[in-house]
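Read through the structure below, which is laid out as C-alpha cells, and then see the notes.
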Amino acid sequence: MIDIDNDLYSRQIYVLGNQAMQKLAKSKILLHSVGPLGVEIAKNLILAGIGSLSIIDWHSCSLSDLSSHFFIHESNVNSGVNRAVACLDQLEQLNPYVKVECLSHDIDLEDENFLKKFDCIIMTEEKNFQKLIKINQLCRENGVNFLLSNTFGLFGYSFTDFGDNFQVIDADGEDYKDVFISKITKDQNQFTVECLDLRNHNLESGDLIKITELKGLSELNDQIVKVSKIVNSFKFIFESDIDGVYERGGIFRKVKQSQHIQFECLEQQLQNPHLLFSDLNELKFENASLNHLFVRLYKSNDLEFETFLQLVSQHRPCEVKLEYFENLAKIFYDSQQANFSLYSSIFGGIVAQECLKSITNKFVPIKQWLFMDSSEMYESSEKLSLQNDRYDEIRKCFGGNDTLSKLHHTRLFMVGCGAIGCEMLKNYALVGMAKNGQITITDNDLIEKSNLNRQFLFRSKDIQRAKSVVAAEAASQINAHIKIKAMELKVCPQSESTFSDKFFQEQNVCVNALDNLEARRYMDSRCVTNQRALIESGTLGAKGHVQVILPFLTESYNSQKDPNESEGDVPYCTLKSFPSNIEHCIQWSRDKFESLFKIKPVMVNKFVDKNSNLTNLLDKLADDDHFGVEDLHKFCKFVRNYCHSYSDCLCLARRKFEKYFANKAKDILNIYPSDHLMNDGSPFWKLPKRQPNPIEFDAENELHLSFVTSLARLMAHIYRIDQTIEEKDSILAVLNSCTVPQWHPVKKYIETDETKKKNDQTKTKDLDNSKCIQIIRNFMIKQNGSNKLLNCVEFEKDNDKNGHIDFIHATSNLRATMYGLENADKLQVKKIAGKIVPAIATTTSVIAGLATIELIKVVQNDFKLDKFRNSFLNMAISLFLLSEPGPCPKTKITDDCCVTLWDKWTIKGNETFTLSQFIQTVKKNYKLNVSGIMYGAKSIYLPVMPGHAKRLNEKMLKLVKGVANLAALGNQSDKHYCDLHLTYQECDNDANDRDKNNLCPPIRYFFN
C-alpha cells in the first residue's frame, strides 16, 4: 500500500476516500498538449495526487500564451522554448509525490504498445477527428480510458469514453444518514414507511435501503429492500412477503449500489451524440447540439466563413431561428483562433475530474459530450483591432476592444485568498484585470500544509505566510501589469473603518471567495447597502455554486437559505444524555475537549490571578460561611483532582472513564429504567432515544487504553508535567493501582426537554466552604508556593502528533458504544470535530472560471437579466446547471409605495432640522406615516413613550448624538450621516403582514 500524506491531501480524502487515493497514487496519465487547457488539466491532476503524468507537446511558447497560460512568461516566449519544457519545473513543484515527464516529439500516438502503458489518455488541441477516431479505437481495444477536450474563444467541450462496461462503485460520494421510522403500515405485500417527524427520506424509486432495530416485523431487520414507490418527501413504499405487525422503532439507511455504464466510441458519437445539457436559458437550449454540429464540420483553420456557414446550414434544426443560428455560427467561427483562459479553467477542472473518475471508479462520468459557451458576451458593434501584445487573445475572444478596456480599468474587491481566491487571481491576471484600476484582496489566514493540495499559488516555502500577500505576489508573477493590493484584515463590523461605505462605493464589483456562512452574509449585506454587484461562489467537495447579485435586478444571497446552512443546533439534552448518532457523540467529545483542556484551565488561571494571596482567601472563607468568591466552586472542583505526576494523570483519566462511560449510564437508568413508561403509557426508551449500557473498563481493550492515555497526555500538558510513561506494562501497572470510587445511586436531574439550552441548566453546589478550604490548601501544597499557571490547549485538527484527535476519537467511540451506536474512524472524527470542509482542486477550478465569466459580464455593464447565469454543479453525478439569477422581489407596502431590498431611502437635513420636519419629509417622499424611529437598539421617537412627544421640536442632530453618545458625530468628515430604522402606521395596521416594517429600507439621514 502506498503511503498517502494525510496532511497534504486531508480535504481531498473526504471527497474521494482512502481507497480512491491509493488508486490515484498508482495511476499513469498521458496528456496530449500542455497549452492553456492542458496546463489546467495537468495542474489539477498533479494537485489531486496521481502517480505520474506524461506530457507530449510539439508547440513552442508564443505571445498568445501569455493571456491564457499561467506558467509561461515573456522570457519563455523570447527564447522560443517548447511549452512542456517551459512549465515542467513549475508543474513538478505543485506536488513532490507526482512524477512529471516530457516525452519525445517522435512518439507515435497511434502506436498500440505505447498507448496501453497508460490508464487514461487525454487529448487536447487536436481537431483532426480522423486521427482522434483511430486513437480512440486503440484505447478501447486496450482498455485505456479516453478523454477529449478543446476550448476556443467563448466555447468549450469535452468528450468521455471509458469503454463498453465501465463500473461506478460510488455514484455520488454522499455519506448516507440514518433515518428514524415513525410508522409502517402493511397492505398485502406492500409496506408504507413514514419517517419520524416528517423528515425527508431523500430516496428515489429503485433505491435500496437497509432496515434495522424494528420492534415487530423483526424479520425485516438487517434486510436490504428496494423502494418501489415514492409517496411524498417523508413517505415511501417497498414490497416484501414477510408477515408480522409493526410495533415501534426502526431505522433505515440508503445503500450504495454499483452501476455499469456503456459508452460509445468517438466515431459513433460524432454522428449520434449523447449530449449533457447545462444552460437552462430558453434561447440557448439548442446550443449544445448546434455546437456539436459546428465542431464536427469545422475541418480546418483555412475554411472560409461562407463555406463553413453553408456546410452547417444544411443541418440547421427547423426550430432554431435563422438569425440566431447564423450569429452563433459566426461567433463560433471567429473564436477558433482565440484562447480564453476562463474556458481553459472550466474544462481543465471538468476533464481532470473525469480522469479521476476513470481511475477511481468513483462518481458518475459525463455521458458523453458536454458543451458550454458564453456567446452572449461577444461584442458585435466594434471592429477588431489587434495590437500585437499579450492581450490580443482577449480582444479576439470578444471580437473587439471594449471589454478589454473595461477590464483594464476595473476596481475590484475580493474577500478570501484560499482555494477559489487563488484560482480567481490567476484568472484576473491572465485577462489583464485592473491594469489601470486596482484589485484589493484581503484574508486574515496563514498558509498551512493542507492548503497546498488545492491552493495552487502557494508552495511549501510559503507555509505560515499570509495568504493574501503570497497570492498577490504569485498573481503579479503571472502578469506584472495588474495592480493589486493585499490586506490581512477580516471583513466584519469591526473593520468597517477600513472597509467603509466609501470604500465599497469606489469598487466596480465585489467577489466572495469565502468558506463560511457568516462572512458571506455580511459581505452580501454590505454590497446591498452600497448597491454594489457581488459575485458569490463556493465549493463543497464535488459540488459548487456561483450566484450573481446585481443591484435592483436580482435577489441577494440572504434572500434564500444557503444550501449548506445547518438545520439547527442539536438540543442540549440530546448531546448530554440521549445521543442518537455518531455525530452527536463527536460533538459531545469536542465539547469535553474544550471544557477540560481550555475553558477550565483558563478559569483556574484567572482565579489564581484575581486571588493571588490564597492564604488571605482561606482566612476569609474560614471566618465567614457565607463569604463568596466568583468561580470558587468551579475552581475547587477542577483542582481537587490536581495532578502532580504522570501517574496522577493516568489515574484521573481512569476515573474520568468510569464517570463518562459507566456511572453516566447508571445515573440515567436509575431514573429511567428499561421499563419506564411515559405519561401516555408509551415506552420511554424508544427511538430516537437509545438506552445506555455501562461499559466495564478493560485495560487490554485498545479503545479503552487510547482514551486514558490520550487524556492523561493532555492533562500532563495542562499541569506542565514533562515526564511521561510510554511502556504499556508500566501504564497498566499504574491503572491497576488507581482507586476508582464506587457508584452509588443519587438523585440527579436528567433533562429531557429539547427546548432547553445549556445555559438553562442549574447545578447544585456540592462544596461548602470547609471543603473548599481543604481543596485550596492541598492545591497550595502541590503548587509549592509557585503559583504557576496551567497550560491551556487550543484544539488543532491538522497535527496528528498532538493527541487531540486521538482523544476525541476514543471518547466519541466509547460514548457511541455505550449507546449502541456505530463507531467512526479517525478520518470521520477529524472531519466532524474539525469542521473540515471537503475540497478538491477540480471543483475549485470550474467554479472560479464560471464566476470570473459572470464578473466580466458585470464589467461589460450590459445589465440584462437574461445575460447572466447562476451556476450549480455536482461533478460527482455530472450535474451542471446554468440559469438566470432570481429576479429582485418587489413588496407592495401601500398603493403608493413598493420596496425592494436594494432601495436606499435618504433624507438630507441640516443643523436646524427638527424631528417634526424629518417625519413630514418621510411622509412627503415615501407616502408613509412614521410610528417609530430607532438608531440601532435605542429609540429616538416612540409616541407611546412618556416625553417623546416633546421631542418633535428638538433638532435631529441633538437627538442622534444623544442616543449614539457621539459628541463629535456631526463633525466627522467621513461620517456625516446615520442610518435610522423606522416603523410605519400603515405596516403596524396590516394584521396580515406586520413584517412589512422589516422590508422597508433604513433611512440614511444626512445631518449636515
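Only the coordinates and a few stated rules stand behind these numbers; no lab work does. Bear in mind that the values here come from a model prediction, so they are computed numbers and not experimental data. Cβ sites come from the backbone with ideal geometry, for glycine too, and all protein chains shown count toward neighbours.
Ordered by the number of other Cβ atoms lying within 10 Å of each residue's own Cβ, fewest first, I725, I773 fall into the sequence I773, I725.
Other residues with beta-carbon under 10 Å from the beta-carbon of L386 carry, at +1 per Lys or Arg and -1 per Asp or Glu, a net charge of -1. Calculated mean residue ellipticity at 222 nm for the chain: -11000 deg cm²/dmol, from DSSP H runs with n ≥ 4 weighted as -39500 (n - 2.57), summed, divided by the residue count and rounded to 500. Counting only the Cα atoms, region 390-484 fills a convex hull of 84 Å³ per residue.
Among L711, L404, L942, L901, a tally of other beta-carbon atoms within 10 Å of each Cβ gives an order, fewest to most, of L942, L901, L404, L711.
Straight-line reach from K890: which aspartates and glutamates have a Cα under 13 Å away, not including same-chain ones fewer than 8 places off? The reachable aspartates and glutamates, counting only those whose Cα sits under 13 Å from K890, are E555, D903. Each Cα pair under 8 Å and six or more residues apart adds its separation to the average, and for the chain the resulting relative contact order is 12 percent.
Only aspartates and glutamates eight or more places from K483 in sequence, or on another chain, were considered; those with a Cα closer than 12 Å are E473. Separation of region 147-209 and region 225-244, taken as the distance between their Cα centroids, equals 17 angstrom.
List, in the order given, every pair from K666/K826; K656/K782; K857/K927 whose Cα-Cα distance in the structure shown is over 31 Å. Exceeds cut-off: K857/K927. Counted by Cβ distance under 10 Å from H274, the other residues give a net charge of 0, where Lys and Arg count +1 and Asp and Glu count -1. Kirkwood hydrodynamic radius computed over region 824-979 comes to 21.3 Å, based on all pairs of distinct alpha carbons. Restricting attention to region 179-255, the count of lysine pairs at 8 or more positions apart or across chains with alpha carbons under 15 Å apart stands at 11.
Each DSSP beta bridge with both residues in the chain is either parallel or antiparallel, and the antiparallel ones are about 65%. Among the listed values [x] 44.3, 137; [y] 51.2, 164; [z] 33.3, 106, the one matching Rg and Dmax of the Cα atoms in Å as calculated from this structure is [z].
Inter-part distance, region 683-731 to region 50-129, computed on C-alpha centroids, equals 53 Å. By the rule of a C-alpha distance below 12 Å, with chain neighbours fewer than 8 residues away ignored, the aspartates and glutamates paired with K747 are D667.
For R777, R654, what's the fewest-to-most ordering of other Cβ within 10 Å of each Cβ? Fewest-to-most Cβ neighbours within 10 Å comes out as R777, R654.
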